[in-house]
1. Taking the options Lys68, Lys131, Lys102, Lys116, name whichever one is of a type outside the set (Phe, Trp, Tyr) and over 24 Å from Leu172 (Cα atoms).
2. Can you pull out the residues in segment 60-86 that are part of a loop (DSSP other than H, G, I, E, B), within 16 Å of the ligand (Cβ to nearest atom) and among the hydrophobic types (A, V, I, L, M, F, W, C)?
3. How many of the residues making up segment 13-38 are more than 14 Å from the ligand (Cβ to nearest atom), assigned to a loop (DSSP other than H, G, I, E, B) and either aromatic (Phe, Trp, Tyr) or surrounded by 17 or more Cβ atoms within 10 Å (Cβ to Cβ) (or both)?
4. Could you grab the pairs with beta carbons closer than 6 Å, sequence gap of 6+ or different chains, first residue in segment 38-52 and under 18 Å from Ile153 (Cβ atoms) and touching a residue at least 12 places away in the same chain (Cβ under 8 Å), second one among the acidic types (Asp, Glu) and in a helix (DSSP H, G or I)?
5. Glu191: within 14 Å of the ligand (Cβ to nearest atom) and in contact with a Ser or Thr (Cβ under 9 Å, 6 or more places away or on another chain), yes or no?
6. Mind counting the residues in segment 266-285 that are over 17 Å from Lys200 (Cα atoms) and either of a type in the set (A, V, I, L, M) or under 20 Å from the mean Cα position of the chain (by Cα) (or both)?
7. Look through Arg161, Arg149 and report the one residue that is within 21 Å of Ile113 (Cβ to Cβ) and among the charged types (D, E, K, R).
8. Just to be sure I understand, how many residues within segment 87-105 are in a loop (DSSP other than H, G, I, E, B) and within 16 Å of the ligand (Cβ to nearest atom)?
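Nothing in this text is a laboratory measurement; each read-out follows from the coordinates by a stated rule. Not measured: the values here are computed from a predicted model. Note: ideal-geometry Cβ built from the backbone for every residue, glycine included; neighbour counts use all protein chains shown.
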Amino acid sequence: MEREYKSFYKAVGGNEGGKCHYATRLDTYGCGCQHDCSYCYAKSLLEFRHNWHCMEPSIADSKKIARKVKTLRRGDFVRLGGMTDCFMPMELRHRVTYNTIKALNDQGVSYLIVTKSDIVARDDYVDVLDKDLAHIQISLTCTDDGLYRALGIERAVPPSRRVAAAEKLSALGYDTQVRLSPYIPQFIDVERLAQINCDKILIEFLRVNSWVKRWLDIDYSEYTVKQSGYQHMPLERKLDYIGRVRGFERVTVCEDETEAYEYWQKHFNPNPNDCCDLRKKEPKK
Ligand code: SF4
């Protein structure tokens, strides 16, 4: 049974909203995500309310989204997907994200796409992505297809397809990043990572709560910093693991834990005013 996703537009507040430069989110689907990742923050928030339906997420109404987008101003910015992946397989049936991108283009509103899918790099989607407005982050959690299948921590396309998508979009001139999200060092072969033809990478470490511990079976002994209900790796361990990442011209860190957030802003991120390090252009008149 199809359900309508009504709360598709949100400005995120609190600890996360205060740190994130792109806290306005437009979710074309909701109440679940077909990728159903074991470490998913949205899943951990919704599961205990029995509101996570990974097999049948709710679907936003394209016409209502278009009306909302009409109220935005040229130069505004939204993140496509915060509580779901807007390019999960059901997008090919419903096309809500496709229609939303067209509406955002018409209104001159920029958009950040974060996805574990390669749908965004299909020719029909590339045809509608506006090079001045679109910013794309392709998330990777693993660099090997065989290991990825064995781990069974996501139901998204294998890493090789995501890498191909990132390389295609980057070669076409789109503002594209590989997003290690979450960066779980034991799943990443840094030599393979260095071979990806994309000049930008964003790193986000795993944050752990009791739900994630239940779903994701890894060694948590390094996650010793506790803050706001989550466990994080200490800054010195993060610095060590980031030091192993090579082959990218621009490396930036997305962070939730306060001490580390301040460190990245002051001493590491190439753009201290934007931890996503997006290549933004002035809006067209
Ligand atoms: S793709 Fe993103 S929103 Fe979807 S389950 Fe994975 S982490 Fe959650």
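1. On the way: Lys131 fails: over 24 Å from Leu172 (Cα atoms); Lys102 fails: over 24 Å from Leu172 (Cα atoms); Lys116 fails: over 24 Å from Leu172 (Cα atoms).
Among Lys68, Lys131, Lys102, Lys116, only Lys68 is of a type outside the set (Phe, Trp, Tyr) and over 24 Å from Leu172 (Cα atoms).
2. Matches in segment 60-86: Ala60, Met83, Cys86.
3. Residues in segment 13-38 being more than 14 Å from the ligand (Cβ to nearest atom), assigned to a loop (DSSP other than H, G, I, E, B) and either aromatic (Phe, Trp, Tyr) or surrounded by 17 or more Cβ atoms within 10 Å (Cβ to Cβ) (or both): 3 in total.
4. So the pair list comes out empty.
5. Judged against the criteria, Glu191 is not a match.
6. Adding up the residues that qualify gives 0.
7. Matching residue, one of Arg161, Arg149: Arg161.
8. 4
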